[in-house]
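See structure below.
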Amino acid sequence: MNGRPRVLSGIQPSGRLHIGNYLGAIQQWVLGQDAKDNFFCIVDLHAITVPQDPDQLRLQTRQTAAILLAAGIDPKKSTLFVQSHVRAHAEACWILNCLTPLGWLERMTQYKSKAANQETVSTGLLNYPVLMAADILLYDADEVPVGDDQRQHVELTRDIAVRFNHIYGDFFVVPKAVIREEGARVMGLDDPNAKMSKSGPARGHAVGIVDEPDEIRYTLGRAVTDSGREIQFSSAPEKAGVNNLLQIYLLMSGKSAPEVERNFEGRGYGDLKKAVTEVVIESLRPIRERYAQLMQEPDDLDRLLATGAAQARALAEPKVLGLKERVGFVLPTTSDTST
Ligand code: AMP
Ligand code: TRP
């Protein structure tokens with residue numbers, strides 16, 4: 001559309017959104033908004049691949065929408081919508097399921113690690129990447145801006161698109177993952193060798209995007225470092241804690257890597273933690289304030305999401321009809337509005 005690359009990305013409305021989500025995904029969505037044709041999807045169908053409390057899920061869906069808007073997603077520039085509002089996602093997922101070999105899904109590393117943490121594993125959890133492929137392919141997305149943990153899922157999406165195009169003729173755009181060099185993998189503050197995640201320990205692990213300043217001070221003040229002194233970017237495993245803090249500082253401050261290193265020359269880890277804490281609190285403050293306002297007007301949020309869903313359907317519905325036609329379904333006559 002208008003020659004601008006089409007972007008689609010998604011985020012789960014589960015747990016507390018953290019600065020890993022912000023720096024790996026949301027910040028690059030916001031920064032790319034003007035140059036791209038954007039679709040951002042709150043993926044509630046994905047969230048229920050693991051058990052969810054219904055009231056919590058409802059609350060977190062609105063909270064996620066409010067955080068995205070507060071962080072700068074502008075409904076005039078981007079389509080923001082809830083996945084379950086556009087039924088083409090579930091329909092396309094089913095059709096794509098039927099041409100995705102089981103072995104491709106069993107190999108997914110995120111499936112293997114999530115399955116290891118569940119008592120019973122739902123079929124939906126195995127299916128998760130196919131639904132993600134449907135999300136992307138329905139919109140003819142060129143680019144999928146995500147954190148590093150989603151690389152394998154976007155690769156699978158490409159494989160599914162190529163397979164479909166090969167069997168049924170050219171139909172899907174083959175998308176590419178857009179992964180930042182910095183911020184693609186923000187690590188846990190309590191354990192810098194594990195990715196920051198929504199399911200980590202309640203305190204000390206992640207900085208929530210809408211955490212209060214005191215909570216941010218607590219988390220960053222206790223961040224694990226090492227017994228050395230050098231404050232430099234490094235890929236050495238023993239420097240993972242300091243490197244993580246520097247990455248967070250770099251992205252939140254907008255400074256370059258040499259500037260950041262110069263800034264901390266001759267200073268200690270205490271100074272580093274203090275500086276990171278300040279920049280994180282100040283960068284997140286306007287987001288937290290705007291978020292609190294938005295959450296007071298849930299009807300406005302719902303209206304906005306309804307508009308987003310209508311915009312999304314305008315693309316997804318004709319695409320899923322085309323998909324049905326390709327695989328040989330008899331399409332409903334136009335007088336049948338139930339489909
Ligand atoms: P999720 O919370 O799994 O729905 O992830 C939403 C987006 O945040 C995806 O693009 C993820 O790749 C990204 N993301 C999640 N955790 C991190 C992290 N620790 N560092 C960087 N990006 C992340
Ligand atoms: N699986 C992604 C995650 O957990 C969320 C997601 C669902 C997504 N559908 C998507 C990301 C489509 C990009 C494009 O982070």
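Below, the figures for the structure above:
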| quantity | calculated |
| --- | --- |
| Helices (runs of 4 or more DSSP H) fully within the stretch 1-77 counting 2 or more residues that are within 12 Å of ligand 1 (Cβ to nearest atom) and over 23 Å from Leu250 (Cβ atoms) | 44-47, 54-70 |
| Answer from Ala70, Ala35 - the residue that is surrounded by 20 or more Cβ atoms within 10 Å (Cβ to Cβ) and more than 10 Å from ligand 2 (Cβ to nearest atom) | Ala70 |
| Residue within the stretch 158-170 that is over 20 Å from Val327 (Cβ atoms) and at pLDDT 95 or above present | no |
| Test set (1) in contact (Cβ under 8 Å) with a residue 40 or more places away in the chain; (2) out of contact with any strand residue (DSSP E or B) (no Cβ under 9 Å at 6 or more places or on another chain) - Gly228 fails condition number | (1) |
| Index of the failed condition, Asp302 passing every other in (1) outside the structural domain of Gln232 (by TED's automatic domain parsing); (2) modelled with pLDDT under 95 | (2) |
| Count of the stretch 4-61 residues which are among the basic types (Lys, Arg), in contact (Cβ under 8 Å) with a residue 24 or more places away in the chain and either touching a helix residue (DSSP H, G or I) at 6+ places or on another chain (Cβ under 6 Å) or farther than 22 Å from Pro175 by Cβ (or both) | 1 |
| Residue that is surrounded by the fewest Cβ atoms within 10 Å (Cβ to Cβ) [pool: residues in the stretch 320-339 that are closer than 20 Å to Cys93 by Cβ and modelled with pLDDT under 85] | Ser338 |
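Residue-wise test of (1) free of Cβ contacts under 8 Å to residues at least 12 places away in the same chain; (2) in a helix (DSSP H, G or I).
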| position | (1), (2) |
| --- | --- |
| Asp271 | yes, yes |
| Asp299 | yes, yes |
| Leu305 | no, yes |
| Ala316 | no, yes |
| Phe329 | yes, no |
| Thr333 | yes, no |
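One line per residue, one yes/no per condition, for (1) within 30 Å of Leu246 (Cβ to Cβ); (2) outside the structural domain of Leu23 (by TED's automatic domain parsing); (3) within 15 Å of ligand 2 (Cβ to nearest atom):
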| residue | (1), (2), (3) |
| --- | --- |
| Ala116 | no, no, no |
| Glu119 | no, no, no |
| Gly124 | no, no, yes |
| Pro129 | no, no, yes |
| Ala133 | no, no, yes |
| Arg158 | no, no, yes |
| Leu189 | yes, yes, no |
| Met196 | yes, yes, yes |
| Gly200 | yes, yes, yes |
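The values are calculated or read from the model by the stated rules, or taken from the named source; none is laboratory data. The model shown is predicted, which means the values in this text are computed figures rather than measured ones. Cβ coordinates were reconstructed from backbone atoms using ideal geometry, including for glycine residues, and neighbour counts include every protein chain displayed.
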